[in-house]
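In what follows, a single structure is set out as C-alpha cells and then discussed.
Computed from the coordinates by the stated procedures, all read-outs in this text should not be read as laboratory data. Keep in mind the model is a prediction, meaning the values are calculated, not measured. Cβ coordinates were reconstructed from backbone atoms using ideal geometry, including for glycine residues, and neighbour counts include every protein chain displayed.
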Amino acid sequence: MSDARVLLVEDDPHIARFVDNALSAAGHAVTLAGTLAQATERLTDPVPDLVVLDLGLPDGDGLTLLRNLRTWSSLPVLVLSARAHEHDKIEALDAGADDYLTKPFSVGELQARVRAMLRRAQRASDDGRPLRRFGSIEVDLAHRQVRKGGEPVRLTPIEYQLLCVLISHAGRVLTHRQLLKEVWGPGHADHSHYLRVYVGHLRHKLEDDPTQPRHLLTELGVGYRFASEG
Ligand code: CA
C-alpha cells in the first residue's frame, strides 16, 4: 500500500516537514494538522488510512485525540514521542496507539514503521482464519493446538492464552499492563514479573534460540511485541 492517506498531527514545523517529505517520498498523500482542533476537523474529511500523532500540541494533548478516535475507529496510529518520556509512550499504547517512534528518528525507520502498519491494517480482514503461521510456528486456533516444525508443542492454558493475545496483535507493541489485563485479569495489571516468566517459557518452547528470540520480542521498559516475520 503505497498511496495511503496520512494525517500528520505535528506542531513543530521542522519535524512536520521531515515526516511529510519522508512519507510523500514513499508515495503517500500527507495532510498536515498543527493543532488538536485542526486534527479533529481533518480526521473525518475524509477519514485517513493512518495517523501520525505528536503528543505535545499547542491546544492540548494528542492523547485526547487518540482516546476520542478509539471510540469510533481502529485506524492505525503512530505516535511520535519525545526522548526520555517513557511514561508518555506507555500511556499512548494503553490509549490505543499501534506503534511509536522516539524523536529523533530516521527516514528509513519512519517509512518502515508506516509500511508495516499499513500492511497489518490490510491484513486485519484475514484475522478470522483459524490457522496462523509464523515461520516454523503454527497455531491452530480452532483446535487450540500449537506446532513447531510440524511437531506438537504442549502449552499450559496461561501460556496458550498469552500467545494468542500476542499473535492477535502481531507486529504491535503491547504494554505490560495490556497483556496482564488480557491474560490474568484487571487485578493483576502490576504483576509484570508474571510476564517475564511466561514469555520465558514460550521462548523456550517456540523459539529456535530462546536467547535470540525472533518472534517473542522484548520492548525494553514497555512490553512485548510478536514479530510475524522472524
Ligand atoms: Ca509538539
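Figures for the structure shown
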| read-out | value |
| --- | --- |
| Amide N proximity, the stretch 11-49 versus His85 label position 7 Å along Cα-to-Cβ, cut-off under 15 Å | 11-13, 15-16, 35-36 |
| For the stretch 5-124: rounded, prolate or oblate by the Cα gyration tensor [a/c cutoff 1.5] | rounded |
| Peptides ranked, highest mean first, by Cβ atoms within 10 Å: ranges 195-205, 170-180, 30-40 | 170-180, 30-40, 195-205 |
| Taking Lys89, Lys181 and counting other C-beta atoms within 10 Å, the order from fewest to most | Lys181, Lys89 |
| Dipole of the chain [Lys/Arg +1, Asp/Glu -1 at C-beta], most positive-end residue of His176, His143, Val107 | His143 |
| Rough spin-label spacing in nm, given labels placed 7 Å along Cα→Cβ, for Thr64 and Arg154 | 5.5 |
| Length gained when the stretch His193-Ala37 is fully extended (0.36 nm per residue, less Cα-Cα span) | 52.1 nm |
| Distance between modelled label sites at Glu109 and Leu131, nm, 7 Å Cα→Cβ extension | 3.9 |
| Partners for Lys205 among lysines (Cα-Cα distance below 19 Å; same-chain residues under 8 apart left out) | Lys148 |
| Antiparallel content of DSSP bridges confined to the chain, in %, to 5 | 55 |
| Debye equation applied to the C-alpha atoms of the stretch 6-65, log10 I(q)/I(0) at 0.16, 0.22, 0.25 Å⁻¹ | -0.43, -0.81, -1.01 |
| Helix axis angle, 107-123 relative to the chain longest principal axis, alpha carbon, degrees | 60 |
| Lysines with Cα under 20 Å of Lys103, excluding same-chain neighbours fewer than 8 positions away | Lys89 |
| For the chain: span of alpha carbons on each principal axis (Å, largest first) | 53, 36, 32 |
| For the stretch 166-230 versus the stretch 23-81, the gap between their alpha-carbon centres in whole angstrom | 28 |
| At 1.567 mPa s and 4 °C, Stokes diffusion of the stretch 131-226 via Kirkwood alpha-carbon radius, µm² per second | 97 |
